[in-house]
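In what follows, a structure is listed as structure tokens, so that the remarks can point back to it.
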Amino acid sequence: MMNLQNAVIVITGASSGIGAATARAAAQAGAQVVLLARRKARIDALAATLPAALAIACDVTQTDHIQQAVQQTLRHFGRIDVLINNAGQGLYAGIDAIAAADFRALLELNLIAPLMMMQAVIPPMRQQGGGSIINISSGATLGIYPGSAAYTSTKAALNMISGVARLELASAGICVSTFYPFMTATEFYQAVQSGQHQATQQETESAAVMHSPEQAAAVILQLIISGAAQSDGVPEAWGGSYREAPDATGKAGK
């Protein structure tokens, strides 16, 4: 169990979507948030609206950027209680159309970068006696969908890294958890590595059932607090465990 009050929470991909929503929710819960993203102007603007927030420009695919961000955080706050590996990107392509260069770039961001972030925060977490790492996977890994092989394979690999890390780091008091978000109304669909037409089509077709970033953020905070191995935002009707809160009529709503 972790108390969010005054906890130092580092969030990658914090300039928009789930990352930004989680930063706002964490700050409202009393946490001190560190915003990491390449778009410095955006995280500066977000940090200005939050108490005790620190914005650091960081490309999480670059080892030196990660090390500098972690050291700056430690100098500023003295500790890192939570890492949320949220930065990621999509790619839509059939098996016979996945470009090797695009797939390598996706692996760098969706899989290798979270691992490097974990490796950077583990030493200070060990030294302080514990911490929490939340890896943001994808609800799409719970099924099999045409055109999703490149993206879901990177996230499925992240799931395995998370599970093994949870086992290995438990004795150090470091809790590693995995979150599987549902389709979310963010910039994800406009920022895919390739397959923009397919991404736009899915976004349009799924608009009525998409979750808000705030819904995802609420589940992430509960996962930090509980320390559970995993949680998902995928509705039960889609094969997950997420239950919509009832509206005024008593029916499930958003």
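Report the residue, chosen from Arg243, Arg42, Arg166, that carries the largest GNM mean-square fluctuation when the chain is represented by alpha-carbon nodes joined by springs under 10 Å.
Of Arg243, Arg42, Arg166, the Gaussian network model singles out Arg243 as fluctuating most.
Just Met116, Met183, Met160 to compare: in a GNM of the chain, with alpha carbon springs under 10 Å, which one fluctuates most?
Maximum fluctuation in the GNM of the chain, among the listed residues, is at Met160.
I want to verify a result. In a Gaussian network model of the chain, Cα cutoff 10 Å, which of these has the top mean-square fluctuation: Tyr92, Tyr145, Tyr242?
Tyr145
Using a 1.4 angstrom probe on heavy atoms only, work out the carbon and sulfur share of the accessible area of the stretch 4-80 in %.
C and S atoms contribute 46 percent here.
Sorted by average packing, counted as other Cβ atoms within 10 angstrom per residue and highest first, what order do 76-87, 212-223 take?
Packing order, densest peptide first, comes out as 76-87, 212-223.
Using a Förster distance of 51 Å, how high is the FRET efficiency between Glu244 and Glu108, based on the Cβ-Cβ distance and rounded to 0.05?
The pair Glu244/Glu108 has a calculated efficiency of 0.90.
How large is the accessible surface per residue of the chain, computed with a 1.4 Å probe and reported in Å² as a whole number?
46 Å²
Out of every Cα pair in the chain, what percent are spaced more than 27 Å from each other?
Considering the chain, 33 percent of its Cα-Cα pairs are separated by more than 27 Å.
Give a residue-ordered list of calculated ³J(HN,Hα) values for the stretch 155-172 (Karplus: 6.51 cos²θ - 1.76 cosθ + 1.60, θ = phi - 60°; whole Hz; x for Gly, Pro).
6, 5, 5, 4, 4, 5, 4, 4, x, 5, 4, 4, 5, 6, 9, 4, 5, 8
Could you tell me how far the Cα centroid of the stretch 59-82 sits from the Cα centroid of the stretch 1-51, in Å?
Measuring centre to centre over Cα atoms gives 14 Å.
How large is the helix-only mean residue ellipticity at 222 nm for the chain, computed as the sum of -39500 (n - 2.57) over DSSP H runs with n ≥ 4, divided by its residue count, in deg cm²/dmol to the nearest 500?
After summing the helix terms and dividing by the residues of the chain, the value is -13000 deg cm²/dmol.
In nm, to one decimal, how far is the Ile144 label point from the Ala99 one, both placed 7 Å along Cα→Cβ?
So the two model labels end up 2.8 nm from each other.
The values are calculated or read from the model by the stated rules, or taken from the named source; none is laboratory data. Only a predicted model underlies this, so the values are computations on that prediction, with no experimental measurement involved. Backbone-built Cβ (ideal geometry, glycine too); neighbour counts: all protein chains shown. To get the accessible areas, we keep the full protein, side chains included, count just its heavy atoms, and leave off ligands, DNA and RNA. Shrake-Rupley method; radii C 1.70, N 1.55, O 1.52, S 1.80 Å.
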